[in-house]
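Data first, discussion second: the structure below is written as structure tokens.
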Amino acid sequence: MGTMKFPKPQYHSSKSLVHTLDRVFSEFIRLRDSDAEGYCTCITCGQRFFWKDGDAGHFIQRDRKATRWDEKNVAAQCKHCNRFRGGEQFIFGKAIDKKYGAGTADILKTVSQSLCKVDACWLSYQIDLYRGKVKELKKLK
């Protein structure tokens, strides 16, 4: 009788899982915010760009894990506003309130203050979830 070989488990560091989730989540946000032709409108300045050519800008900065992957906290944003104009947080907040209802930006600010620890299991689940969402959105574009 031969011995059975089992695949080696793949261990990923939390840092690499966070990086992967950031990348997949960004792709999801930009696809979500694009039209049928794949064009987004910057949430802060209104510039139009192809979804691959922009950023997924954060209203509350990414160092706040409680809101880092919150879909209401992130929107398609042109590279100029996101990278060179500091994300235009005030304008971004007003746009969030307009899109999701008055007070949403304040709620996100409050939530962002919460202590939030994420583990490898949660990160892996989110990666799979958003990969599925990206796949579905790509079928529509």
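A few comments on the model shown:
- Dipole-positive endmost among Ile60, Leu129, Leu108 within the chain (Cβ charges, Cα centre): Leu129
- The angle between the Cα long axis of helix 89-100 and the main principal axis of the chain comes to about 80°, on a 0 to 90 degree scale.
- Too-long pairs where the Cα-Cα distance tops 18 Å, listed order kept, from Lys65/Lys98; Lys65/Lys109; Lys72/Lys98; Lys52/Lys138: Lys65/Lys98
- Average Cα contact separation per residue, the chain, under 8 Å, 6 or more apart, as relative contact order %: 30 percent
- Listed residue (Phe50, Gly87, Leu17) projecting farthest to the positive dipole end of the chain, Cβ model: Leu17
- If you take the alpha carbon atoms of the range 15-130 and fit the smallest convex hull around them, that volume is 104 Å³ per residue.
- Look at the alpha carbon pairs under 8 Å that are at least 6 residues apart: their mean separation over the length of the range 22-64 gives a relative contact order of 34 percent.
- Whole-Hz couplings from phi, Karplus 6.51/-1.76/1.60, listed for the range 124-141; x for Gly and Pro: 4, 4, 5, 4, 4, 4, 6, 4, x, 5, 5, 4, 5, 5, 5, 5, 8, 9
- Taken about its Cα centre, the chain carries a charge dipole of about 320 debye when Lys and Arg each add +1 at the Cβ and Asp and Glu each add -1 at the Cβ.
- Choice from Cys78, Cys121, Cys45 with maximal GNM fluctuation in the chain (Cα, 10 Å cutoff): Cys121
Bear in mind these aren't lab numbers, they're just calculated from the coordinates by the rules spelled out. Please read all numbers here as calculations on a predicted model, not as lab measurements. Heads up, the Cβs are rebuilt from the backbone with ideal geometry, glycines too, and the neighbour counts pull from every protein chain shown.
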